[in-house]
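Chemist: Could you have a look at this structure, given as structure tokens, before my questions?
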Amino acid sequence: MLSRARPCSAVLSCWAVISLSRSRLLGSALCLAAQPFSAARLSRAQLCSAVLMRYDFYDERGAHVAVAYSGSSGMVVSAAYHGGGINILKILADGSLGAPASILHKGEKEAHPHSCFIDPSGRYGLVSDLGLDRIYVYRLDVLGGALQEEQILETTTDAGPRHMSFHPNGKFVYGINELDSTINVYAFGKDGAILGPTLQTVSTLPDGYNNRDHVNAKNAKGDPASGPNRPPDQTNATADIHVSPDGRFLYGSNRGHDSLVCFSIGRDGLLTLVDFTSTEGAHPRNFSIHPSGSWVLVANQDAWPSWGVPAREAVDEGAWTSR
């Protein structure tokens with residue numbers, strides 16, 4: 001049966017990462033009036049012994065935070081979803097953060113950067129802008145605490161790119177699109193390009209699933225889908241995406257169908273559907289795979305408190321089962 005855990009109520013954290021020294025917790029948090037960004041010192045005795053500092057940015061809410069290092073120098077990149085840009089902060093010697101700088105995205109529609117993921121080499125940051133249907137590729141200047149735009153890749157109109165996950169071999173990167181419930185497979189570092197071309201696009205939903213049929217759409221357990229979702233006429237929207245540590249499988253979360261979709265990954269990076277696993281709760285927003293590849297932790301937003309912990313049923317097949 002699914003294990004459940006109740007999250008602490010001290011702060012409604014949107015995203016958090018551990019610094020390279022493993023002694024700092026860096027995260028963007030949600031609040032009603034501002035998007036504070038904090039650095040906290042960690043100790044073995046307790047999770048956070050002291051908040052070192054906090055910044056209040058111009059936007060209402062943050063979405064994702066990433067950390068990049070070059071030697072002992074570090075920088076933080078935070079996606080400012082409602083602010084339409086990204087925030088950059090240097091990590092100082094004592095683990096606190098330097099003064100922030102911001103880059104705003106511009107386009108015909110309203111910008112909504114949802115995440116920034118650092119490539120395995122640590123040279124590039126890929127920012128998925130859900131509002132503009134673009135993926136921005138930035139070169140990281142960690143020592144200078146700055147970003148240099150290198151490339152913009154357009155996705156399908158109204159796809160809504162949200163998160164990305166790199167294959168361990170560094171040759172492929174997978175992007176999940178929130179609004180049209182698809183995953184794009186991109187080449188990375190091929191033929192002189194940084195990102196692209198797009199090699200494949202697959203649906204995260206079962207064949208025959210009608211994403212606008214609120215009467216008949218069913219989730220992975222056969223119950224009514226938990227939509228509406230964004231946009232409101234849909235019954236499903238995707239959220240998170242991860243490649244298994246061994247590079248053999250790719251997983252994405254469906255909010256509405258309330259499932260983890262599993263694909264096997266071929267040597268060419270292309271995907272083949274394996275199965276769907278119920279997350280045993282509504283609105284699975286984010287999930288994380290254990291380094292062993294045998295466990296996954298799923299955060300079901302609308303089934304609080306419900307943090308599902310399925311075990312992979314068969315390593316060779318990639319599917320998950322609840323226990």
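Derivation of every value follows stated rules applied to the coordinates shown; laboratory data play no part. No experiment lies behind these values; they were computed from the predicted model shown. We place every Cβ from the backbone using ideal geometry, glycine too, and count neighbours over all the protein chains shown.
Chemist: Can you tally the net charge around ALA159? Count Lys and Arg as +1, Asp and Glu as -1, for every other residue whose Cβ sits under 12 Å from the Cβ of ALA159.
Modeler: With Lys, Arg at +1 and Asp, Glu at -1, the net is -4.
Chemist: Then there is this: Under a plain spin-label model, where a point goes 7 Å from the Cα along Cα-to-Cβ, how far apart in nm are THR201 and LEU273?
Modeler: According to this spin-label approximation, the distance is 1.7 nm.
Chemist: Give the order of ARG255, ARG123 when sorted by the count of other beta carbons within 10 angstrom, beginning with the fewest.
Modeler: So the residues, fewest neighbours to most, are ARG123, ARG255.
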